[in-house]
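The values are calculated or read from the model by the stated rules, or taken from the named source; none is laboratory data. Because the structure is a prediction, the values reported are computed rather than measured. Reconstructed Cβ throughout: ideal geometry from the backbone, glycine too, with neighbour counts over all protein chains shown. Please note that ligands, DNA and RNA were not included when accessible areas were found on the heavy atoms of the full protein model with its side chains. Shrake-Rupley method; radii C 1.70, N 1.55, O 1.52, S 1.80 Å.
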Amino acid sequence: MYDQYDALIFDMDGTLLDTEPTHRKAWRQVLARYGLTLDEARIIEFNGAPAWRLAQFIIESNQSSLDPHLLAAEKTAAVKAMLLENVTPLPLLEVAKAYQGRRPMAVGTGSEHSMAEALLTQLGVRALFSAVVGADDVKQHKPEPETFLCCAELLGVAPARCVVFEDADFGIQAAKAAGMAVVDVRLL
């Protein structure tokens, strides 16, 4: 179905792996320590963005003076402890398995590189992907195209010859800005 492309690039959270419930649980746990609240419906707006962006929004919404990078780091530590035990694959992982050895593939995620590596390894699928680009590998995060452009560069494929699989508006915007085809997995 995707044979017309020279490379496949996948978002991770919500696209390949069902990590969202665990991310929400980690945010609730960390925010409770500080008496902060979050309208969980608003989290969706930040899907694909690094954790510090959501932390900044939470801090501003609660009129707090916490450092967003420290709050995000605390959430990342909490989610790391939970995710390795709770991560489950999503059906799109079958597309990656079907293209193994047929097309170069990468993961371009808003999660930290080490977290992506750990999760993909835990599920036994890390070998499917020639490259992983995490939030800490780029300076400009989704919706900017840098994550996906780095994936294409690491795969040695022109951006226009790549297709990106995404579940978040920020990621879809990033793929389009990179000049890549995009599949909104929420519509599959």
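Among 80, 176, 139, which one shows the highest mean-square fluctuation when the chain is modelled as a Gaussian network with alpha-carbon springs under 10 Å?
In the Gaussian network model the winner is 139.
Roughly how many Å is it from the Cα centre of region 75-112 to that of region 131-188, as a whole number?
15
If r is the Cβ-Cβ distance from residue 66 to residue 3 and R0 is 45 Å, what FRET efficiency results, to the nearest 0.05?
0.40
With charges set only on the Cβ (+1 for Lys and Arg, -1 for Asp and Glu), what does the dipole of region 81-188 come to about its Cα centre, in debye to the nearest 20?
440
Would you please give the residues with an amide H less than 5 Å from that of residue 182, counting only those at least 5 places away or on a separate chain, with H modeled from the backbone geometry?
When sequence neighbours closer than 5 places are left aside, the close amide H contacts are 164.
Percentage of Cα-Cα pair distances in region 20-85 greater than 21 Å, rounded to whole percent?
When every Cα pair of region 20-85 is considered, 12 percent fall beyond 21 Å.
About the Cα centre of the chain, how large is the charge dipole given +1 on each Lys and Arg Cβ and -1 on each Asp and Glu Cβ? Please answer in debye to the nearest 20.
It comes to approximately 200 debye.
With viscosity set to 0.890 mPa s at 25 °C, what whole-number translational diffusion coefficient in µm²/s follows for the chain from Stokes-Einstein and a Kirkwood radius over Cα pairs?
Value of D from the Cα-based Kirkwood radius: 148 µm²/s.
Counting only protein heavy atoms and using a 1.4 Å probe, what share of the accessible area of the chain belongs to carbon plus sulfur, as a whole percent?
Accessible surface attributable to carbon and sulfur in the chain totals 52 percent.
Express the relative contact order of the chain as a whole percentage, based on alpha carbon pairs under 8 Å and six or more residues apart in sequence.
29
Just read off the accessible area of residue 33 with the full protein assembly in place, 1.4 Å probe, to the nearest 10 Å².
130
Can you tell me how much longer the chain between residue 32 and residue 44 gets when fully stretched, taken as 0.36 nm per residue apart minus their C-alpha distance, in nm with one decimal?
2.3 nm
Could you tell me which of 36, 66, 113 has its Cα farthest along the dipole of the chain towards the positive end, charges placed at Cβ (Lys, Arg +1; Asp, Glu -1), taken about the Cα centre?
In the chain, that residue is 113.
Using the Cα centre as the reference, give the magnitude of the dipole from point charges on the C-beta atoms of region 1-110 (Lys, Arg: +1; Asp, Glu: -1; all else neutral), rounded to the nearest 20 debye.
It comes to approximately 240 debye.
Just to be sure I understand: of the beta bridges DSSP finds with both ends in the chain, what percent are antiparallel, rounded to 5?
In the chain, approximately 5 percent of DSSP beta bridges are antiparallel ones.
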